[in-house]
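What follows is a single structure, written as structure tokens, with notes after it.
The values are calculated or read from the model by the stated rules, or taken from the named source; none is laboratory data. Fair warning: this is a prediction, and the values are worked out from it, not measured in the lab. Quick reminder, even Gly has a Cβ in these numbers, built from the backbone with ideal geometry, and neighbours come from all protein chains shown.
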Amino acid sequence: MISSVTQYYSGTYTCRRYRGRDSQSSEISNAVTLTVSVRPQALLSVSPQSWLTEGVSVSLSCEVRDSSTGWTFSWYRAVPYRECLTPVTDIHGIHVRYCVELLADSIRRAAGSYTLSPAALHHTGVYVCRAERGEPAYQTQYSNTQPLWITGLSPPVSLIISPSRTQHFSGDSLSLSCEGQSDSTGWRVRRYTHSGSVSDCSSDWGSVTGSTCTIRYLHTSHTGVYWCQSESGGSSNPVNITVHNGDVILESSVHPVTEGDPLTLHCLLHLNITSHLRADLYKDGSLIQTQTAAEITIRTVSKSDEGVYYCKHPERGDSPHSWVSVRGQNLKISHLYY
């Protein structure tokens, strides 16, 4: 009995009957071929974008790419595996990717769009969808993961990162703490990696003391988006962290700053033992600064400062690229790494 058939079980099956006590004589049955078709997969997209400021509207659109009709749709939030009873596995049914919780007001919608209006801090997280039709219901696979990061002006807690930067060298240590004006107990550090996995800080990749997560030895696999989340669903502003295996990184502000404030960008060299570092700073592929300190200060940030920044060292190579986004009177820095 195969309790949950997946494509992994496709193949040719036979049975064998043995004769005699020594089992030396046997007969093999006819062969039966089992073919398991892959379920269609739902596709999830977000509009207008994944990084948003609270108060705006955002739509999560789910579709099934075939010519048939009659699908209804449901949306889910991805959570760490230990938090629910619905694990999502890979196509072979072997590896658990994440766990999902159904959004209560999204059950079997005929329209393939789910709107959050207005988007709030507690909507920060990772979403998937699934389609079904017929009776009994025939369901698609769960969709691709779609992260949604909401930045607020006054989050209940902040994710405090030490050292305070978004780019880090592999092999270094990192501390992430949930801190706020009120009691920060009950908050935990959560992360989303580019592989699509969602997890809490635990012995798998860090150690937990209260509301602080410590990673003692960084690896490139620690690259991802980190945020604080409470048991009631409250969230901090998310921070995109990259761990670089090279020798040069770009140091910039972790937390949002206000348009008109100064912003300092600094190039750091791994294990630099001299006081003089020559590195060039680029914006949108064009050289904007060459100096001994490898640092530039934008005294009054404006919309024209928006762009992709990175450092280039003549011998040690480039840092990861960071996107600096300036919005209205409020400046939000979100880092997208290439």
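Side notes on the structure shown:
- Cβ pairs under 6 Å, 6+ apart, first in region 146-160 and more than 23 Å from Y98 (Cβ to Cβ), second aromatic (F, W, Y) and part of a strand (DSSP E or B): V157/W187
- Checking each residue in region 46-81 for being surrounded by 13 or more Cβ atoms within 10 Å (Cβ to Cβ) and of a type in the set (D, E) picks out E54, E63.
- Per-region count, region 95-118, residues closer than 23 Å to V56 by Cβ, in contact (Cβ under 8 Å) with a residue 40 or more places away in the chain and either acidic (D, E) or in a strand (DSSP E or B) (or both): 4
- Those strands (runs of 3 or more DSSP E) lying entirely in region 130-188 with at least 3 residues under 18 Å from the mean Cα position of the chain (by Cα): 146-151
- Considering each residue of region 35-43 in turn, at least one proves to be within 30 Å of N237 (Cα to Cα) and at pLDDT 90 or above.
- Residue among V56, V36 that is under 25 Å from S325 (Cβ atoms) and hydrophobic (A, V, I, L, M, F, W, C): V56
- Residue within region 152-159 that is surrounded by fewer than 18 Cβ atoms within 10 Å (Cβ to Cβ) and farther than 30 Å from S10 by Cα present: yes
- Residues that are out of contact with any Leu (no Cβ under 7 Å at 6 or more places or on another chain) and modelled with pLDDT of 85 or more, drawn from region 241-260: I241, T242, H244, N245, G246, G260
- Note on region 28-45: among residues that are among the small types (G, A, S) and in a strand (DSSP E or B), the one that is surrounded by the fewest Cβ atoms within 10 Å (Cβ to Cβ) is S45.
- A count restricted to region 49-68 and to residues that are farther than 13 Å from S143 by Cα and either assigned to a loop (DSSP other than H, G, I, E, B) or at pLDDT 90 or above (or both) stands at 11.
- Number of residues in region 214-267 that are of a type in the set (A, V, I, L, M), surrounded by fewer than 20 Cβ atoms within 10 Å (Cβ to Cβ) and closer than 19 Å to G125 by Cα equals 0.
- Filter result for S203 (over 27 Å from V46 (Cα atoms), small (G, A, S) and part of a loop (DSSP other than H, G, I, E, B)): yes
- Single condition V46 does not satisfy, out of (1) closer than 20 Å to Q139 by Cβ; (2) touching a residue at least 40 places away in the same chain (Cβ under 8 Å); (3) under 30 Å from the mean Cα position of the chain (by Cα): (1)
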